[in-house]
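J.: After the structure tokens below, expect a handful of questions from me.
Derivation of every value follows stated rules applied to the coordinates shown; laboratory data play no part. In this text, all values refer to a predicted model and were calculated from it rather than measured experimentally. Cβ placement follows ideal geometry from the backbone for every residue including glycine, while neighbour counts extend to all protein chains displayed.
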Amino acid sequence: MLCQNCKKNEATIHVQQIVEGQEKSFHLCPACAAKKAETEPELQSFNLAEMLFDLADKVASTVGKEDSAAGKNMVCPHCGWDMERFRKTGYLGCPECYKTFSSFLSGVLKNMHRGCSHEGKTPCPAMNSRPSKEIAALRHELTNLRKELALRVKNEEYEEAAQIRDKIQSLTVKLEENEKK
């Protein structure tokens, strides 16, 4: 679909708004969207990061009013990034920000993603077929066991590490058998 403004570039930004029964749609390229945001209040006020942050703030019932107010005044000691900038942009200033804002990030990340840890992707051409699901599950389990093995070795828990090593070996054989089918 071409941009409805310049009619040259691919429209990658699609906004649909329904206010009092009236529908307004925008199909714009990034350049036109930036220009149009200056004049169209619908595009100006649309900030996905801020919307998700506000949603997480409302949904999080575990944080008290005092904690919430204190959280809005939090500032990263390393880079000076504050909660308001995170709310407006959806970005953090540095790796230390993840530690500083960790209590608030967990709620936001749960609303943005399926969980708080990155699981990665498992490409598979026929993901709906039963063998493909089994193979993906085995690979996922192997990845988790390898992480667990590294942790056990690091903590010098060698008996547990040996048991995990044995599980990894048997799962590897099982995975190879499933992949041959």
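J.: With a 10 Å radius around each residue's Cβ, average the other Cβ atoms per peptide and rank 11-23, 157-169, highest first. Walk me through the numbers on the way to the answer.
T.: Details: 11-23: 10.7, 157-169: 13.7.
Descending mean neighbour count gives 157-169, 11-23.
J.: Once you've got the Cα coordinates, tell me which of Lys99/Lys154; Lys147/Lys167; Lys8/Lys35 are over 18 Å apart.
T.: Numbers: Lys99/Lys154 23 Å; Lys147/Lys167 13 Å; Lys8/Lys35 15 Å.
Pairs exceeding 18 Å: Lys99/Lys154.
J.: How high is the FRET efficiency from Leu2 to Cys94, r the C-beta distance, R0 25 Å, rounded to 0.05?
T.: With R0 = 25 Å, the Cβ-Cβ based efficiency is 0.05.
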